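What follows is a short report on a single structure.
Read-outs: derived from the displayed coordinates by stated rules, not from any lab. On a predicted model such as this, the values are computed, not experimentally measured, just so you know. All Cβ positions, even for glycine, are placed from backbone atoms using ideal geometry, and neighbour counts span all protein chains on display.
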Amino acid sequence: MANTDNSVIAKGAIEPGCAKVDPILVADNVTRQFGGNLAVNVAHLEIPRGKITALIGPNGAGKTTLFNLLTGFDKPNTGTWNFEGKNLAGVAPHRVARWGMVRTFQLTKALSLLTVIDNMRLGAQNNPGEGFFKAFVKPLWAKQEQEITERADVLLKRFKLDAKREDYAAALSGGQRKLLEMARALMSDPKLVMLDEPMAGVNPALTQSLLDHIKGLKDNGTTVLFVEHDMHMVRHISDWVVVMAEGKIVAEGPPADVMKNQAVIDAYLGAHANDDLGTVSIDAIKEGN
Amino acid sequence: MDFAQIFNLTAGELIGVFTAAYALCALGLAMHFGYTGLLNFGQAAFAALGAYGYAFATLNLHWNMWGSFAFGILCAAVFALILGIPTLRLRADYLAIVTIAAAQALYYAFGTSQFAAVTGGSNGLSEFGTDFYGYNPIPAGRYNLGIITLSADEIWIRIVAWGLVAVVAVLLVILTRSPWGRALKGIREDEDAVRSLGKNVFVYKMQSLVLGGVIGSLGGIVFVLSSQTNQPSTWVSNFTFMTWTVLLLGGAATILGPIVGSAVFFMFLMFTQTFLEGLVNIGALPFLSIAQVGQIRYLLVGLFLMLLVIFRPQGFFGNKKEMQFNG
């Protein structure tokens, strides 16, 4: 249950925006305004390399917007951020992905009318056959395509989608699409995977295997940053938790400590976060006890 | 009523030049819409640029057939770049609006007397096919091909037109089955997903727009070479809509679809024309005149399209799971 990674993550005191021993992603002064609403206002954020970091916070806290900004899908009003020391501000989303920072989406974007295996193949990088002129000459890309397909089959097996290989992605269930999207993101061997609510809509039976997949990523040296509302999952697999509220980072730290933080409980978890709702009488909640 | 003649005329459309020209234009649209999800409502402009480019290069620059073909293609490619650079970064609907507007603008520009020195104004251009027909290896004369009799030149333009259709179709089959084609289909499904996988979506959409436009320009060149006349009135928006009809008849995300769709479309037009004329002539349709028959058949095309949408939305060859009218 508890965090198994006991290596030191923070450099110095643990506080919102604190420095990390080995950050993979560093963001400074990132703001995004929608009309009068300052959706994201992050003064400083560092994501530790090789760890699983959870980004939590109430609805409208700016988590997904921050994801969009960091991956180039949206443009911030101010701010700079770098990935492995390379400046990423203003870089187009496809370049961000090529540099090894790959994301998934809250609303799953499986390519419905492509087969599952074609979805996977599309995730691979540097396929010469994806160039217009080389596409005409199959011998130039057949070998690479073969390798990509083998890699895709291994991943499909790991994610238990191998039986669906030739089906259109549209024929998958919501949970299977989440799995496909994650497996597809892994086709490029990313250094940092950013998962936007990977558990949303996934049935409990699949949840455990999805958790194992995410932990498996870390074992392979991939850094994971994920947005999630499922506190069980956050406690279970994350090494570090960052809490956002109203666009700002309000707390961060190891999961056990963050869950006890009064500011986090007030802003997000609520007074009964640690109670099983089955045992709390509704009247007690209404009375504010 | 002469049923043999109705049959012969209808069957003749199967290898007609216009059938091939529309098949080419629809193949370009298949590239745009069927495989990339680009809504191009200005295919007439691409075809017109091919036709005017070819005629201009021959008449004003005195280039040979090869140079003229290349110039027509170049005009369409440049047009695609000009349309694509501002619009391909925006949502799909913007391209639809911009292409239809640009095609209308070009149509009026070609017809105005202002540019008559280059475009021939409302009369258009003619007599630019001498070099093309100079390559005709078939001895002059008339040839009986069983159901129809054609002159040597008429056979030559059909060979070239259908040869182009075959070459383009083979190239498109190769392309759409390649990883490049897979990326395009991915873009058709969800641009952002493909972006998140490290593909430069803008470049892919631009390549598709240029390629489909160039194929459309070949259709335009073939269209005007058959009679060696290029009139601005050919390139009305109706040309675009007929091309769409041909595409949707056959199936939007197929290669064979647009070709067969074009053949069926023109055979249907010819059959209804000759058959209704026959009926009018024997007095079976007292409420119709011969002149009205030409209009009525498009009404029937509309009816036919509606039935298709209801009963076979994926077209003749489309995969019901893959691509339908609702895109």
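Relative contact order of the range B:155-285, taken over Cα pairs closer than 8 Å and 6 or more residues apart, is 18 percent. Extending 7 Å from the Cα toward the beta-carbon at both residue B:130 and residue B:82 defines two label points whose distance is 3.0 nm.
About its Cα centre, how strong a charge dipole does the protein assembly as shown have in debye, to the nearest 20, once Lys and Arg get +1 and Asp and Glu get -1 at the Cβ? Its charge dipole is roughly 740 debye.
Can you put B:68, A:173 in order, fewest other beta carbons within 10 Å first?
Ordered from fewest to most neighbouring Cβ atoms within 10 Å, B:68, A:173 come out as A:173, B:68.
Its residue count N sets the reference 2.2 N^0.38 Å, and the alpha-carbon radius of gyration of chain B equals 1.02 times that reference. Using the beta-carbon distance between residue B:60 and residue B:114 and R0 = 25 Å, what value does 1/(1 + (r/R0)^6) give for FRET efficiency, to the nearest 0.05? It comes out at approximately 0.95. Can you figure out the FRET efficiency of residue A:137 with residue B:295, using R₀ = 41 Å and their beta-carbon distance, to the nearest 0.05? Step by step, r from the Cβ atoms, then E = 0.25. DSSP beta bridges confined to the protein assembly as shown are antiparallel in about 65 percent of cases.
Give, in whole angstrom and from largest to smallest, the semi-axes √(5λ) of the equivalent ellipsoid of the range B:98-145, with λ running over the eigenvalues of the Cα gyration tensor.
Each semi-axis is the square root of five times an eigenvalue, giving 34, 15, 9 Å.
Take the Cα of residue B:303, step 7 Å toward its Cβ, do the same at residue A:189, and the gap between the two points is 6.4 nm. Considering only A:34, B:286, B:207, and ranking their Cα positions along the charge dipole of the protein assembly as shown that arises from unit charges at the beta-carbon of Lys, Arg, Asp and Glu, the one farthest toward the positive end is B:207.
In loop segments of the range A:1-60 as defined by DSSP, the trypsin sites (Lys or Arg not before Pro) with at most 16 further C-beta atoms inside 10 Å of their C-beta are A:11.
Note on the range A:43-114: Rg/Rh from C-alpha atoms, Kirkwood Rh, equals 0.97.
Looking at chain A, the DSSP beta bridges with both ends there are about 60 percent antiparallel. Averaging the Cα positions of each part gives two centres, and for the range A:1-79 and the range B:200-250 these lie 50 Å apart.
A Cβ-based charge dipole, computed about the Cα centre of the range A:18-177 with Lys and Arg at +1 and Asp and Glu at -1, lands at about 60 debye.
Taking the DSSP bridge list for the range A:99-237 and keeping only pairs wholly inside it, about 10 percent are antiparallel. For the range B:27-74 and the range A:231-254, what is the separation of their Cα centres, given in Å? Comparing the Cα centres of the range B:27-74 and the range A:231-254, I get a distance of 57 Å. Each residue of the range A:205-214 was assigned a 3J(HN,Hα) from its phi angle through the Karplus curve 6.51 cos²θ - 1.76 cosθ + 1.60 (θ = phi - 60°); the sequence is 5, 7, 3, 4, 5, 5, 4, 5, 4, 5 Hz, with glycine and proline shown as x. Just want to confirm a number: the relative contact order over chain A, from Cα pairs under 8 angstrom separated by 6+ residues, in percent. For chain A, the relative contact order is 25 percent.
Which of the residue pairs A:109/A:215; A:134/A:218; A:51/A:248 have a Cα-Cα distance greater than 28 Å in the structure shown? Beyond 28 Å: A:134/A:218. The label-point distance for residue B:155 and residue B:122, in a model that sets each label 7 Å from Cα toward Cβ, rounds to 4.1 nm.
Taking amide H as placed 1.01 Å from N in the peptide plane, the amide H of residue A:40 sits under 5 Å from that of A:32, each at least 5 places away or on another chain.
Applying 1/(1 + (r/R0)^6) with r as the Cβ-Cβ distance of residue A:260 and residue A:205 and R0 = 25 angstrom yields a FRET efficiency of 0.25. Phi angles across the range B:209-216 convert, under the Karplus curve 6.51 cos²θ - 1.76 cosθ + 1.60 with θ = phi - 60°, into 3J(HN,Hα) values of 5, 5, 4, x, x, 5, 5, x Hz, Gly and Pro given as x.
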